[in-house]
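Engineer: One structure, pasted below without further comment.
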Amino acid sequence: MDYSVARRRMVQQQIIARGINDSRLIDAMNQVPRHFFVDEGLRGHAYADGSLPIGHKQTISQPYMVAAMSAALELQGQERILEIGTGSGYQTAILAMLAKRVYSIERIPALAARARKVLDQLHISNVNIKIADGTLGWKDQAPFDGILVAAGAPDVPHEYLAQLAVGGKLVLPVGGFNQQSLIRITHLGEDQFRREELMGCRFVPLIGEAGWAETDNA
Ligand code: SAM
């Protein structure tokens, strides 16, 4: 299979055709080899229009969702980004190409280790990965110019607002266990935040102190 042809088709049909026109983001999605981030047996599906299993009951997000969430951060290149839910590391790689540095938190050690390995293979060096409960953010690296949460939260965890720089944007799915709304919150200054609803979505749960309980996902 010619992955670069499949990747260009993915970008044309799933990203550009759905209205995403940020040229830096389009370049990043044309460059990052998504098939590196899935198991060998699923590589033939890596550029399909959907999420795929990555083990541990988790998924690599749909390409369009990765693009839409990245676009919603409106990155210029100099930002420090907090990502919650490293998963496969694919979204991390895209963010790493669009921003200055990415701080990514994953709660499942085996996923964090695999993501680190693939990012190293691709020589993506502006990413710090930590194994922790990401619902508490990454306090000693805050504030962040952007926060992207790749798992569904019941409510907006307080620490994300506290760790968002003025002018920064937080993008996260909020709602029920199986269905959420993708929300963008912009820090306007002091205690002022603007909240926008971008689209409906369906993410695996954000599990932790300010998220769902582990037992909810049993
Ligand atoms: N964007 C990722 C990708 O493209 O591979 C997909 C992320 S997957 C949909 C959600 C990830 O969030 C899972 O790997 C899950 O283990 C992780 N997660 C859930 N709750 C978390 C928490 N409290 N802290 C850190 N990671 C969490």
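Read-outs: derived from the displayed coordinates by stated rules, not from any lab. From a predicted model like this one, the values you see are computed outputs, not experimental measurements. When we count neighbours, we look across all protein chains shown, and the Cβ atoms used for this are built from the backbone with ideal geometry, even at glycine.
Engineer: Highest mean first, how do 206-212, 79-85 rank when packing is the count of other Cβ atoms within 10 Å averaged over residues?
Structural biologist: 79-85, 206-212
Engineer: Using θ = phi - 60° and the Karplus curve 6.51 cos²θ - 1.76 cosθ + 1.60, what whole-Hz ³J(HN,Hα) does each residue of segment 168-178 get, with Gly and Pro shown as x?
Structural biologist: Each residue's phi maps through the Karplus curve to give x, 10, 10, 10, 7, x, 10, x, x, 5, 10 Hz.
Engineer: What are the extents of the Cα atoms of the chain along their three principal axes, in Å, largest first?
Structural biologist: 51, 39, 32
Engineer: Would you mind checking which residues have amide H under 5 Å from Leu52's amide H? H placed 1.01 Å from N; only 5 or more apart, or other chain.
Structural biologist: Ile60
Engineer: Could you give the length gained by full extension between Ala213 and Arg18, i.e. 0.36 nm per residue of separation minus their alpha carbon distance, to one decimal place? Mind dumping the intermediate values first?
Structural biologist: On the way: separation 195, 0.36 × 195 = 70.20 nm, distance 3.50 nm.
Separation in residues times 0.36 nm, less the Cα-Cα distance, equals 66.7 nm.
Engineer: Still on this structure: Work out the P(r) tail for segment 9-93: percent of alpha carbon pairs separated by more than 20 Å, whole number. It would help to have the intermediate numbers written out before the result.
Structural biologist: Values: 1083 of 3570 pairs.
Counting pairs separated by more than 20 Å, the tail of P(r) holds 30 percent.
Engineer: Only Cα pairs under 8 Å and at least 6 apart count here; give the relative contact order of the chain as a rounded whole percent.
Structural biologist: 14 percent
Engineer: Mind counting lysine pairs for me in the chain? Cα separation below 19 Å, and the two need to be 8 or more apart along the chain or on different chains.
Structural biologist: 6
Engineer: At most 10 other Cβ atoms within 10 Å and a DSSP loop assignment: could you name the trypsin sites (Lys or Arg not before Pro) in segment 98-175 that fit?
Structural biologist: Sites meeting the loop and neighbour criteria: none at all.
Engineer: Can you give me the relative contact order of segment 126-186 as a percent, contacts being Cα pairs under 8 Å and 6 or more apart?
Structural biologist: It comes to 31 percent, rounded to a whole number.
Engineer: Something else: For helix 109-121, what angle does its Cα long axis make with the longest principal axis of the chain, in degrees from 0 to 90 and rounded to 10?
Structural biologist: With both axes taken from Cα atoms, the answer is about 50 degrees.
Engineer: Using θ = phi - 60° and the Karplus curve 6.51 cos²θ - 1.76 cosθ + 1.60, what whole-Hz ³J(HN,Hα) does each residue of segment 205-211 get, with Gly and Pro shown as x?
Structural biologist: x, 7, 10, x, 3, 10, x
Engineer: Could you work out how much longer the chain between Arg9 and Leu188 gets when fully extended? Use 0.36 nm per residue separation minus the Cα distance between them, nm to one decimal.
Structural biologist: Once the chain is fully extended between Arg9 and Leu188, it gains 60.6 nm.
Engineer: Now for a separate question. Can you tell me what the convex hull of the Cα atoms of segment 121-197 projects to on average, as an area in nm²?
Structural biologist: Quarter of the Cα hull surface area: 6.3 nm².
Engineer: Take every Cα pair under 8 Å in segment 1-82 that's 6+ residues apart, average their separations, divide by the length, and report that relative contact order as a whole percent.
Structural biologist: After rounding, I find 28 percent.
Engineer: So what's the back-of-envelope 222 nm ellipticity for the chain, counting only DSSP H runs of four-plus at -39500 (n - 2.57) apiece and dividing by all residues, rounded to 500?
Structural biologist: Details: 6 runs with 54 residues, N = 218.
That comes out to -7000 deg cm²/dmol.
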